[in-house]
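Encoded as structure tokens, the structure appears first; notes follow it.
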Amino acid sequence: MQLNKQQHCPRCKIPLKGYVDECPGCGMDKPLPLPWYFYAIMLAILIASAWIFIDLEAIARALLSAREGIRQL
Ligand SMILES: [Zn+2]
């Protein structure tokens, strides 16, 4: 892992502070690969949205079946 290691632009070798869209020295687009936590956050959002979707569907189904039960009374 290179978490505490100072990273440098692969083209002009100036030190970079973490992830940057553009190198401040030579203007290279995305000089560093995306940090590992970017993928972790994306995965967390994906799992969270999947959970919400499943929960909402279950609630909607429960509400619909409850409404139909009332209608039949
Ligand atoms: Zn550079």
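Brief remarks follow.
- 222 nm mean residue ellipticity, helices alone, for the chain (DSSP H n ≥ 4; -39,500 (n - 2.57); rounded to 500): -18500 deg cm²/dmol
- Scattering profile of the chain at q = 0.11, 0.15, 0.23 Å⁻¹ [log10 I(q)/I(0), Debye over alpha-carbon scatterers]: -0.52, -0.67, -0.97
- On the beta carbon distance between LEU64 and LEU43, with R0 = 25 Å, the FRET formula returns roughly 0.20.
- Most fluctuating residue given options LEU32, LEU46, LEU56, as computed from a GNM of the chain linking Cα atoms under 10 Å: LEU56
- Rounded to whole Hz, the Karplus (6.51, -1.76, 1.60) HN-Hα couplings of the stretch 20-27, x for glycine and proline: 10, 5, 9, 5, x, x, 10, x
- Sparsely packed loop sites in the stretch 19-53 (the chymotrypsin sites (Phe, Trp or Tyr not before Pro) outside DSSP H, G, I, E and B with at most 14 other Cβ atoms within 10 Å) comprise TYR19.
- Additional length obtainable on full extension of the chain from ARG11 to LEU32, 0.36 nm per residue less Cα span: 6.5 nm
- Tilt relative to the chain, helix 36-72 - C-alpha long axis, 0 to 90 degrees, to 10: 10
- Residues LYS30, LYS5 in ascending order of nearby Cβ atoms (within 10 Å, fewest first): LYS5, LYS30.
- Residues whose amide H falls under 5 Å from that of MET28, counting only those 5 or more places apart or on a different chain, are CYS23, with hydrogens built in the peptide plane.
- Near the amide H of GLN7, within less than 5 Å, lie the amide hydrogens of LEU16, GLY18, all on another chain or at least 5 residues away, with H placed in the peptide plane.
- With a Förster radius of 30 Å applied to the C-beta separation of VAL20 and ILE54, the computed FRET efficiency comes to 0.20.
Where a number appears in this text, it was derived from the coordinates with a stated rule and is not lab data. Predicted, not measured: the structure shown is a model, and the values here were computed from it. No Cβ is skipped: glycine too gets one built from the backbone with ideal geometry, and neighbour counts run over all protein chains shown.
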